[in-house]
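The structure appears right after this line, and notes come after that.
The values are calculated or read from the model by the stated rules, or taken from the named source; none is laboratory data. In this text, all values refer to a predicted model and were calculated from it rather than measured experimentally. Note that each Cβ is placed from the backbone with ideal geometry, even for glycine, and that neighbours are counted across all protein chains shown. The protein model used for the area step is the full one, side chains on, heavy atoms only, and it has no ligands, DNA or RNA in it. Shrake-Rupley method; radii C 1.70, N 1.55, O 1.52, S 1.80 Å.
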Amino acid sequence: MESLTVIVGGHSESGKKEQNQDAFAVCIPHQPDSLHTKGIVACIADGASGSENSQQASHTAVTQFIDDYYCTPMGWSVKKSVSKVLSSLNAWLFHHSQHSYLPHHGFISTFSAVVLVSNTAHLFHIGDSRLYLFRHQQLEQLTNDHCIGYSNELTRSLGLLPNLEVDYRSFTLMVDDVLMLSTDGFHDFLTQSIEFKKYFLAALEDQRKDTQSQEDWIVFAKYWVTQALAYGATDNVTCLFVHLSQLPHMGLSECLSQDRPWVIPPALSMNHRLDDYRITQLLHSSPRSLVYEVEDTRTQKKRVLKALSNDLQDDPLSIQRFLRERWIGQQLSNPHLLHIDAQNTTSAFLYWVGDKIEGDTLSSWIRNHPMPSIELVIVLLASMEKGATSLHRLGMVHGDLKPENIMIQPNNTAVLIDFGSTYIDSLSEQDKEMHTTPAGAMEYSAPESWYQVIITPQSDVFSLALITYEMLSGSKPYKDDALASNRWDYQSIREHRSDIPPWIDSVLRKGCHPNAALRYTSISDFMNDLQRVPIFQGWKHQHELSTKTLRVWQGLTLMLGTCLIVSLWASTH
């Protein structure tokens, strides 16, 4: 299987300065998951001249950036991960700059980084360090300097201002691309000395064609740093080269399937065996998949095994969705989300094995509980919230919340299952085909996920609000053709259950509002309003008091009326 492979080499010299304020770093993950989702990082920094803390600022920038970037959730996109890390790093540097009291003690540094994921390069840049692309014997500058005046005073850098503005761009990589990261001590000579640039580009082309080792690139970088100093460089001089020697096939399927043909197992019957698993029961069958209860013959434990329908053997998109579901389940550890075991890499068959969840689907629960209490519904929703929120924090959106995809356990806790439609922020950058068509069930999907194919945590809010409405009433707030006709006429839940307080109806109306801008922004906000049980109890108590008071007044009126009639009768007789 082809994978993302690079050869790197860099060098840095202080030159005529006493202190080297430049820094660079590269990280190539050894774990396949990190390589596929987080990629390879190369970055360079140049501490601001005149600051006694500039060396610490540049070294902190490159080392801390790499450490923190690989600690971000695997589901976050590259852009989101880097933005979060750089904002935090900038805040730290700015804080220490503000507490240094003397202007020349500031923690200020330029910063340029490239993150390589699959076939895409993601560039991030602040200051006057630079990123270049060498392709087809041409050297293209990919970044713009953030400085003004003859003194090249920085207008943007890490640690300079409390709010950070970062340049970002991305482009598709090609095999044999060479990315060059440099500080101004090196690249100034590319623009100022025609002779230097001419010889450098010729040497870079030869190096690209002939070099196969990291040591050769290090020697190459060291030679040209030395040449820059020989040509008269007075600043620190640093350059770093990243040579793309191999790229993976594009697409999610190649990232998760090990680039091999998968065999969908045939329909299985009781006591049939698939690798180490013995079939004990068929739990679910549909045109798309089959779910079995199995016994792990190695541990004798009950598990669940899911496989695609054999009719989908030649459907690459269905196979990709299945692989995505398996990969997601392997990343999860929340008790309210189905966990899937690590895959059997020796098996020729495509399937996954996961936890056996005791209980039944929410759709069955709704049929068996036609008039549940609000308190019980909120208890079940609390665990659904925990599961969905855990996904959202990982940069994922379930995308297909419906009663059939929620298991209710005997202890009244819920577990979310079926991640075949789950949107993954980071993987959407690599494989846009997975997100060009909606995948969730129409009757529970948010309008924007079908009309604009926009999937956000608010899409799950919409689905959960619909589910809540159905749990309480057994009905849905919109007509079945609402999505097809684009007519969203909300029906009050109090038309089905008069004992539901008006404020709960308002919460449900906002939760499943067809306009995402008028909907709750998160499931936690929806749940916070829904859990105002004391208000409900107060409303109920007030309602009961009002009823009792009305009856007292009615009784008094009847008594007074009776007395008046008796008095009138007595006076006439």
State whether the residues of the stretch 214-226 include one that is at pLDDT below 90 and either of a type in the set (A, V, I, L, M) or within 43 Å of the chain's Cα centre (by Cα) (or both).
no
Extreme residue, nearest to Leu240 (Cα to Cα), among residues of the stretch 106-120 that are buried (at least 24 other Cβ atoms within 10 Å of the Cβ) and not aliphatic (A, V, I, L, M):
Ser112
Do you know which residues across the stretch 454-492 are open to solvent by less than 20 Å² (accessible area, probe 1.4 Å), among the aliphatic types (A, V, I, L, M) and touching a strand residue (DSSP E or B) at 6+ places or on another chain (Cβ under 9 Å)?
Ile467
Evaluate the stretch 322-329: report whether one residue or more is outside any loop (DSSP other than H, G, I, E, B), farther than 26 Å from Ser3 by Cβ and modelled with pLDDT of 85 or more.
no
For the stretch 338-351, which positions are closer than 19 Å to Tyr423 by Cα and either open to solvent by 10 Å² or more (accessible area, probe 1.4 Å) or outside any strand (DSSP E or B) (or both)?
Leu338, His339
From the residues in the stretch 291-300 that are open to solvent by 30 Å² or more (accessible area, probe 1.4 Å) and touching a strand residue (DSSP E or B) at 6+ places or on another chain (Cβ under 8 Å), which one is nearest to Ile319 (Cα to Cα)?
Glu295
Which number in (1) closer than 17 Å to Ile406 by Cβ; (2) at pLDDT 95 or above; (3) basic (Lys, Arg) marks the one condition that Lys356 misses?
(2)
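For every residue, the table says whether it meets (1) touching a strand residue (DSSP E or B) at 6+ places or on another chain (Cβ under 6 Å); (2) in a helix (DSSP H, G or I); (3) over 30 Å from Ser390 (Cα atoms).
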| position | (1), (2), (3) |
| --- | --- |
| Lys84 | no, yes, no |
| Leu89 | no, yes, no |
| Trp92 | no, yes, no |
| Phe107 | no, no, yes |
| Ala113 | yes, no, no |
| Leu116 | yes, no, no |
| His125 | yes, no, yes |
| Asn144 | no, no, yes |
Which of the numbered conditions does Ser498 fail, given that it passes all the others? Conditions: (1) hydroxyl-bearing (Ser, Thr, Tyr); (2) loosely packed, with under 15 Cβ neighbours inside 10 Å; (3) in contact with a Cys (Cβ under 8 Å, 6 or more places away or on another chain).
(3)
Have a look at Arg303, Arg324 and point out the one that is closer than 30 Å to Pro73 by Cα, basic (Lys, Arg) and open to solvent by 20 Å² or more (accessible area, probe 1.4 Å).
Arg303
Failed item, numbered, when Leu332 is tested on (1) open to solvent by 30 Å² or more (accessible area, probe 1.4 Å); (2) within 22 Å of the chain's Cα centre (by Cα):
(1)
Taking the stretch 67-79 and keeping residues open to solvent by 10 Å² or more (accessible area, probe 1.4 Å), within 23 Å of Ala57 (Cα to Cα) and of a type outside the set (Val, Ile, Thr) leaves Asp67, Asp68, Tyr70, Cys71, Lys79
Residues that are assigned to a strand (DSSP E or B), open to solvent by 60 Å² or more (accessible area, probe 1.4 Å) and not hydroxyl-bearing (Ser, Thr, Tyr): does the stretch 37-60 have at least one?
no
Answer residue from the stretch 405-427, given it is in contact with an Asp or Glu (Cβ under 8 Å, 6 or more places away or on another chain) and polar (S, T, N, Q) and is most open to solvent (accessible area, probe 1.4 Å) among those:
Gln409
Can you tell me which residue in the stretch 23-36 is surrounded by the fewest Cβ atoms within 10 Å (Cβ to Cβ), limited to those that are touching a Ser or Thr at 6+ places or on another chain (Cβ under 9 Å) and at pLDDT below 95?
Pro32
Could you list, in sequence order, all residues of the stretch 133-172 that are free of Cβ contacts under 8 Å to residues at least 12 places away in the same chain and either over 26 Å from Thr60 (Cα atoms) or open to solvent by less than 40 Å² (accessible area, probe 1.4 Å) (or both)?
His136, Gln138, Glu140, Gly149, Tyr150
Condition first: within 19 Å of Asp418 (Cβ to Cβ), at pLDDT 90 or above and among the charged types (D, E, K, R). Can you find one or more residues in the stretch 268-291 that meet it?
yes
